[in-house]
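What follows is a short report on a single structure.
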Amino acid sequence: MVQDLLLPILKHEQKKSGYISEAAIKRISIQTGIPVSRIFGVATFYSMFHTKPQGKNMIEVCHGPSCHLNGSFNVLKSLYKSLKIKPGETTKDKKFSLHTCSCIGCCDKGPAMLLNGKQYTLLDETKLKAIIKKCRS
Amino acid sequence: MRITVGLATCGISAGGIPVFETLKKELDCKVEKVGCIGMCHNEPIVTVSDDKTYIYGNVTKDNVDKIIRAVKDKKPCAELLIANDINELEFYKKQKRLVTENCGVINPLDLDQYKDAGGYSGLQNAVKLQPEQVIQNITDSGLRGRGGAGFPTGMKWKFISGKKGKKYLICNGDEGDPGAFMNRLVMESDPFKMIEGMTIGAYATGADEGIIYTRAEYPLAIQTLEIAIQTAYKENLLGKDILGKGFNFDLRIQKGAGAFVCGEETALINSIEGKRGSPRPRPPYPAEKGLYGKPTVVNNVGTWAHVATIMKMGAKEYAKIGTAKTKGTKVICLTGHIKRTGVIEVPIGTKLKEIIFDIGGGCPDGTKFKALLSGGPAGGCIPEDKLDTPLDFEPLQELGAIMGSGGLVVINDKSCMVDVAKYFMNFTQEESCGKCTPCREGTKRLLEMLQSITRGAGKPGDIEKIEKLSNFVRDNSLCGLGQNAPNPILSTLRYFRQEYDAHITDKACPAKACLDLVSYHITEHCKGCGNCEKHCPTKAITGKLKERFFIDQEKCIKCGVCFENCAFKAIEKR
């Protein structure tokens, strides 16, 4: 049941290369015997997998309802101000990628986001500016 | 003396780690990491237990030295003290902590502490009985699935117990419901409880393999569970010939990859098999043909934890709690516009208003309560006059909401209900897996109609169209995601129809939340300081100093910067 291992394989690939390239999908297909179409189907289904190259720093802003009510759109607005990217995009210098993600379970301290997997909560413009500045230095 | 710091995800994000490190460095006593006690609004929490217990809240790296000094002087630190016993607090007075009894109290990774708190006595009690008797016990307890559907757990188990050959148990920890994180709390704060519950399930049903499917967004929960499983293997509480009773149970963790629909049991099974997480048509139900085509029981984290509790306290005692139809307690997450956010556990049947006002303390900053969203994106909005309703599966359903996994999001009067419905439609539309047409297309069209209403482009007759399509999507979708997706719309239409009407006929948003329908104006209170002009990013504000300024509506992008920066409150939102 090699298909079982597909999710862990894709996760490993993403960790190694930052994203899952077409070449990687073809290679995995040859190695496992799972058709390319099926691997591509799985890789595009789950929001944690990316089939395009990503920036060095991955920002995922929670769009759960608690964060929405507490102003997650302001977080996106502030990030747009300093990075000039919208969700799904990567900065030209390849330093930042911005995505929205489903609830990260910090509902009590919204708005929240993940930066390279680490949680940042109770965000406001000043806090975000400091975070971005730290990443840039 | 024992000092504990609440370091579940919530405690860490509130800055608990530096507090923990400082305490450990400075004090010569046992400093331990514990999970979350539920008072997320007071995080980080430090508990000092000596002859007496002192619970300190909002401890940061800047004020932790006050606690250190107090401990060294053997005195309490009055400034940060919240209570000596959690039961003194309003937040806990109406709670009944069964499943979460150990959360934030014991070290989640210490099996001995779990056993000292009565852990694994449930399994000990279970193995004294025949497997059928265990199932009977669970049936007698009246336990219903805590994942949302409320299916009787004993009945589910009975379906597969009679089947021969390979069987699987799955723990559904794919808690994707926004606004709900009680499973994360249980997994991080008391992992042995659900492992014990699953082991009891294995003994009762004869399944010898179990899988915990959990979200990859919960790294700490995964790490905690991994260590707990290893410990249980070492102590012969998992693996071969458990407790010398001749039954085997292997347990492993499978991580998700970010897909809300995987919380649906058949989609979850597909995901474990390494496929796209699309739901399968039911029947056949997982109890007939589940993982790899074998009989499978899928239960929520909460349900498994309840199993351990029931076998520990006895089915009869457990069944005394709750209502006629639903027994026991429910762990709930209180979030949104509420003073005391956190995770609570209340007997089923507790009135909604007790939860919001007595436990949660109502809305913060002088805002007023408007609606309660129960059940996440599949749930419904409940207005204030219906808050006498008891928390239970059926009464909530009658209101057009659902209990769901137990996330309660409080919405205040500054929020627009059409916008809330639009937000949820956006959510389900994005998370729809695309397999069945009613959900894939229906949610998209519903979202488009709501977007046009909030933009001020709604037409008479739109509401009726939305209602018709909502009913169609509800009746014809393949799985729970699509079937429940229109709930936020239908419930807001039921209780807040006037807001929809205002958007369509008056082109106005009563809560002043829909940007396209509000405008900013400078009133006669303007002193002519020119502060707003300085802040305006589009130079829409003009005027002479010491005279009333003016906003050019054509240029205004409604960012609200002037509104926030006016010292004289001379800017009005209409």
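The values are calculated or read from the model by the stated rules, or taken from the named source; none is laboratory data. Note that the structure is a prediction, hence the values are computed from the model and not measured. Cβ atoms come from the backbone with ideal geometry, glycine included; neighbour counts cover every protein chain shown.
Summary table below
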{"item": "Within the range B:260-288, considering residues that are charged (D, E, K, R) and assigned to a loop (DSSP other than H, G, I, E, B), the one nearest to A:SER47 (Cα to Cα)", "result": "B:ARG276"}
{"item": "Qualifying residue in the range A:2-17 (condition: more than 10 Å from chain B (Cβ to nearest Cβ) and more than 16 Å from the chain's Cα centre (by Cα))", "result": "no"}
{"item": "Residue match in the range B:382-393 (condition: in a loop (DSSP other than H, G, I, E, B), of a type outside the set (Asp, Glu), over 17 Å from the mean Cα position of the chain (by Cα) and buried (at least 20 other Cβ atoms within 10 Å of the Cβ))", "result": "no"}
{"item": "Residues that are away from chain A (no Cβ under 14 Å) and in contact (Cβ under 8 Å) with a residue 24 or more places away in the chain, drawn from the range B:2-28", "result": "B:ARG2, B:ILE3, B:THR4, B:VAL5, B:PRO18, B:VAL19, B:THR22, B:LEU23, B:GLU26, B:LEU27"}
{"item": "Enumeration of residues in the range B:240-259 that are assigned to a loop (DSSP other than H, G, I, E, B) and within 14 Å of chain A (Cβ to nearest Cβ)", "result": "B:GLY256, B:ALA257, B:GLY258, B:ALA259"}
{"item": "Every residue from the range B:29-47 that is away from chain A (no Cβ under 14 Å) and either surrounded by fewer than 23 Cβ atoms within 10 Å (Cβ to Cβ) or hydroxyl-bearing (Ser, Thr, Tyr) (or both)", "result": "B:CYS29, B:LYS30, B:VAL31, B:GLU32, B:LYS33, B:THR47"}
{"item": "Test: residue in the range B:431-442 that is surrounded by fewer than 19 Cβ atoms within 10 Å (Cβ to Cβ) and in contact with a His (Cβ under 8 Å, 6 or more places away or on another chain)", "result": "no"}
{"item": "Tabulated pairs, the range B:265-287, first over 19 Å from B:PHE159 (Cβ atoms) and in contact (Cβ under 8 Å) with a residue 12 or more places away in the chain, second assigned to a helix (DSSP H, G or I) and among the hydroxyl-bearing types (Ser, Thr, Tyr), C-beta under 6 angstrom, 6+ apart or interchain", "result": "B:GLY277/B:SER271; B:PRO279/B:THR266"}
{"item": "Flag for A:GLY71 being more than 10 Å from every other protein chain (Cβ to nearest Cβ) and within 21 Å of B:CYS333 (Cβ to Cβ)", "result": "yes"}
{"item": "Conditions (1) in contact (Cβ under 8 Å) with a residue 60 or more places away in the chain; (2) within 29 Å of the chain's Cα centre (by Cα): number failed by B:ILE82", "result": "(1)"}
{"item": "Only listed residue being among the basic types (Lys, Arg), at pLDDT below 90 and within 17 Å of the chain's Cα centre (by Cα), chosen from A:LYS52, A:LYS118, A:LYS81", "result": "A:LYS118"}
{"item": "From the options A:LYS92, A:LYS56, A:LYS133, A:LYS52, residue that is away from every other protein chain (no Cβ under 12 Å), touching a residue at least 40 places away in the same chain (Cβ under 8 Å) and more than 23 Å from B:GLY560 (Cα to Cα)", "result": "A:LYS56"}
{"item": "Cross-chain or 6+ apart pairs with Cβ under 6 Å, the range B:170-185 first and in a loop (DSSP other than H, G, I, E, B), then surrounded by fewer than 24 Cβ atoms within 10 Å (Cβ to Cβ)", "result": "B:ASP174/B:TYR213; B:GLY176/A:SER102"}
{"item": "Filtered residues of the range B:344-372 (kept if within 14 Å of A:SER66 (Cα to Cα) and either among the hydroxyl-bearing types (Ser, Thr, Tyr) or surrounded by 24 or more Cβ atoms within 10 Å (Cβ to Cβ) (or both))", "result": "B:ALA371, B:LEU372"}
{"item": "Matching entry among A:ILE20, A:ILE104, A:ILE85, A:ILE59 (being surrounded by fewer than 21 Cβ atoms within 10 Å (Cβ to Cβ) and either in contact with a helix residue (DSSP H, G or I) (Cβ under 9 Å, 6 or more places away or on another chain) or aliphatic (A, V, I, L, M) (or both))", "result": "A:ILE85"}
{"item": "Strands (runs of 3 or more DSSP E) enclosed by the range B:289-375 - at least 2 residues per element that are outside the structural domain of B:ASN183 (by TED's automatic domain parsing) and small (Gly, Ala, Ser)", "result": "B:369-374"}
{"item": "Any hit, the range A:25-35, residues being among the β-branched types (Val, Ile, Thr), buried (at least 23 other Cβ atoms within 10 Å of the Cβ), closer than 30 Å to B:ILE269 by Cβ and in contact with a Gly (Cβ under 9 Å, 6 or more places away or on another chain)", "result": "no"}
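Here is a yes/no grid of residues against (1) hydroxyl-bearing (Ser, Thr, Tyr); (2) without any contact (Cβ under 8 Å) to a residue 40 or more places away in the chain; (3) more than 14 Å from every other protein chain (Cβ to nearest Cβ):
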{"position": "B:THR367", "(1), (2), (3)": "yes, no, no"}
{"position": "B:PRO383", "(1), (2), (3)": "no, no, yes"}
{"position": "B:LEU391", "(1), (2), (3)": "no, no, yes"}
{"position": "B:ILE411", "(1), (2), (3)": "no, no, no"}
{"position": "B:PHE427", "(1), (2), (3)": "no, no, no"}
{"position": "B:SER432", "(1), (2), (3)": "yes, no, no"}
{"position": "B:CYS436", "(1), (2), (3)": "no, no, yes"}
{"position": "B:LEU446", "(1), (2), (3)": "no, no, yes"}
{"position": "B:SER452", "(1), (2), (3)": "yes, yes, yes"}
